[in-house]
1. Quick one: Thr168 ticks every box in (1) away from the ligand (no atom under 16 Å from the Cβ); (2) of a type outside the set (Phe, Trp, Tyr); (3) open to solvent by 10 Å² or more (accessible area, probe 1.4 Å); (4) assigned to a helix (DSSP H, G or I) bar one, so which box is it?
2. Which residues, taken from region 180-196, are in contact (Cβ under 8 Å) with a residue 12 or more places away in the chain and under 28 Å from Ser238 (Cα atoms)?
3. Where residues in region 208-251 are of a type in the set (Asp, Glu) and within 24 Å of the chain's Cα centre (by Cα), which of them is nearest to the ligand (Cβ to nearest atom)?
4. Answer yes or no: is there a residue in region 42-61 that is farther than 17 Å from Leu307 by Cα, open to solvent by less than 30 Å² (accessible area, probe 1.4 Å) and of a type in the set (A, V, I, L, M).
5. With the condition kept exactly as written, say whether any residue in region 128-140 is open to solvent by 40 Å² or more (accessible area, probe 1.4 Å) and within 16 Å of the ligand (Cβ to nearest atom).
6. Restricting the search to region 34-57, which residues are in a loop (DSSP other than H, G, I, E, B) and under 8 Å from Arg106 (Cβ atoms)?
7. Checking Pro283 against (1) part of a loop (DSSP other than H, G, I, E, B); (2) buried (at least 24 other Cβ atoms within 10 Å of the Cβ); (3) more than 11 Å from the ligand (Cβ to nearest atom); (4) not charged (D, E, K, R), which test does it fail?
8. For residues that are within 16 Å of the ligand (Cβ to nearest atom) and part of a helix (DSSP H, G or I), scanning just region 186-199, find the one that is most open to solvent (accessible area, probe 1.4 Å).
Amino acid sequence: MNHVISTKQFLDRKVLDAFLALALDSEGMRASYVGGRIMASLFYEPSTRTRFSFEAAMLRLGGQVISSDHAGSFSSAIKGETLEDSIRIISGDGGINRYADIIVLRHPEAGAAERAASVSGVPLINAGDGDGEHPTQALLDIYTIKKELGRIDNLHVCLAGDLKYGRTVHSLIHLLAAGKNNRVTLAFPEPLDLPDDYRNVLVDHGMYLGETYDLEDALRDNPDVVYMTRVQKERFDSKALYDDVRNAFVFDEPLLSCLDQNAILMHPLPRVNEIAPEVDTDPRAAYFRQAQNGLPVRIALLRMLLLGGK
Ligand code: NCD
């Protein structure tokens, strides 16, 4: 794999299993494997977990990091430079005068990572492209499911919240499709329905179980995983529409009693109001453990792209 742009690249179960094994092997890793190499993190949108865990992963591997965390306003983008030109400069043609050996890009436009990869002389990782995909988050999500429940097959997963703009859900759907016999219930406030491209993946793989506008209703069938998402405020054209749906789904303490004892509650974070803080201490609340898994998974991504999986 040269670049990581979409979880479609992991639809082949052998590829996904090999990656999950590499992530497991990366737990707690501290090694000078990539000494002398530089990762450029280029973020045109805000981030806490994704950028820090990628940068920490590179440093844990003995590499170095150059970073632009407000790339939209602090890079030459503000002067009108295209994304393609910026990537060409950072990666060069991959030759000895390149600025960086790998690029991690977050950008507000869906498709931006693919455009950037097409001109990049070094591996490029999509760290979120608008309302498109967020493949590295989904890889840590599926890794979390494997760690918590011991399997990525025969699962009933409830995807809940902003399924329209939530890119982590879009990416997770391909990985659930790589498993066997997984089923998915969709729970969303009416205007935030899953786009057809992703709905078709569920239908084509025989995974689509049903949909509801009511979160409690979605729990009746005892899902193994409830995956909550934030309403993606920054993608809305209308503040009034955002205000209408922002608090539509809140997972609070009473809902915990509807959740199966062996189920887990996940969220890519940041949460706003979607999960009440009193839920945090329940052992089924897996979202903080999920965020910690960002490190081994991103170490594994760097090992895969820089070291051929060694
Ligand atoms: C997600 C994102 O950026 O899409 N955040 C993350 O990387 N963990 C989810 C979100 O912002 O709601």
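1. Unmet for Thr168, out of (1) away from the ligand (no atom under 16 Å from the Cβ); (2) of a type outside the set (Phe, Trp, Tyr); (3) open to solvent by 10 Å² or more (accessible area, probe 1.4 Å); (4) assigned to a helix (DSSP H, G or I): (1).
2. As a first pass, look at region 180-196 and keep what is in contact (Cβ under 8 Å) with a residue 12 or more places away in the chain: 180-195.
Residues satisfying the conditions are Thr185, Leu186, Ala187, Phe188, Pro189, Glu190, Pro191, Leu192, Asp193, Leu194, Pro195.
3. Glu234
4. yes
5. So far as region 128-140 goes, yes, one or more of its residues are open to solvent by 40 Å² or more (accessible area, probe 1.4 Å) and within 16 Å of the ligand (Cβ to nearest atom).
6. Those that are in a loop (DSSP other than H, G, I, E, B) and under 8 Å from Arg106 (Cβ atoms): Tyr44, Glu45, Ser47.
7. (2)
8. Tyr198
The values are calculated or read from the model by the stated rules, or taken from the named source; none is laboratory data. What you see is a predicted model; the values in this text were computed from it and never measured. So basically every Cβ, Gly included, is an ideal-geometry build from the backbone, and we count neighbours across all protein chains shown. To get the accessible areas, we keep the full protein, side chains included, count just its heavy atoms, and leave off ligands, DNA and RNA. Shrake-Rupley method; radii C 1.70, N 1.55, O 1.52, S 1.80 Å.
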